[in-house]
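Report on the following structure.
Each reported figure results from applying straightforward, stated rules to the coordinates on display, with no laboratory input. Since the structure is predicted, the reported quantities are computational estimates derived from the model, not experimental observations. For neighbour counting, all protein chains shown are included, and Cβ atoms are generated from backbone atoms with ideal geometry for every residue, glycine included.
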Amino acid sequence: MMCNAGFTLVEVVVATALMILALAAFAVSFVQSKRSAAIADNNLTAIHIARQQMETLYSSNYLGLSVGTRGFTNVIDGVSYKGTYTVSSNTVARVKDIATTVKWVNAVGKITSTVSLAGSVSSELHP
């Protein structure tokens with residue numbers, strides 16, 4: 001009576017191939033997760049830069065906000081965030097509208113992304 005307690009070569013090759021496929025799928029999902037996290041981090045940084053610019057403009061008084069478009073640049077962790085803000089005046093309502101836009105190129109995939117924020121400053125609240 002002969003007892004075959006081991007695996008055949010075919011079974012070992014099939015099991016190894018399945019293990020390699022599973023590990024490859026895990027590696028691909030890990031790389032994709034890192035890419036998504038980097039893009040989300042850059043997006044949050046751009047939102048923070050835009051909010052910071054808006055807060056700086058809000059702290060000016062109404063008369064101190066001059067109408068026009070101006071640019072600014074921030075470099076954080078090797079990423080260049082280029083922004084503009086535009087101040088326009090509605091003299092009838094005595095309101096100045098502010099629009100801030102920040103653009104950057106994600107290192108992953110070389111995708112250009114943009115974040116925009118808008119707000120208003122009233123002469124009644126900021127004499």
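The loop-placed trypsin sites (Lys or Arg not before Pro) in region 18-82, going by DSSP, include none that has at most 15 neighbouring Cβ atoms within 10 Å of its Cβ.
Within straight-line reach of Lys110, meaning a Cα separation under 25 Å, sit the following lysines at least 8 residues removed in sequence or on another chain: Lys34, Lys82.
Within a straight-line Cα-Cα reach of under 15 Å, Lys96 can be paired with the following aspartates and glutamates, leaving aside sequence neighbours fewer than 8 residues apart in one chain: Glu55, Glu124. Which FRET efficiency value, to the nearest 0.05, is calculated for Thr84 and Val31 with the Förster distance at 35 angstrom and r the Cβ-Cβ distance? Once rounded, the FRET efficiency stands at 0.55.
If I take every Cα pair under 8 Å that is 6 or more residues apart in the chain, average their sequence separation and divide by the length, what percent do I get for the relative contact order? List each step's numbers first, then the result.
Working: 156 pairs, mean separation 26.9, N = 127.
Relative contact order of the chain: 21 percent.
Translational diffusion coefficient, Stokes-Einstein: compute it for the chain using the Kirkwood radius over C-alpha pairs as Rh, at 37 °C and 0.692 mPa s, and state it as an integer in µm² s⁻¹. Display every interim value, and only then the final one.
Details: Rh = 18.8 Å.
In µm²/s, the coefficient is 175.
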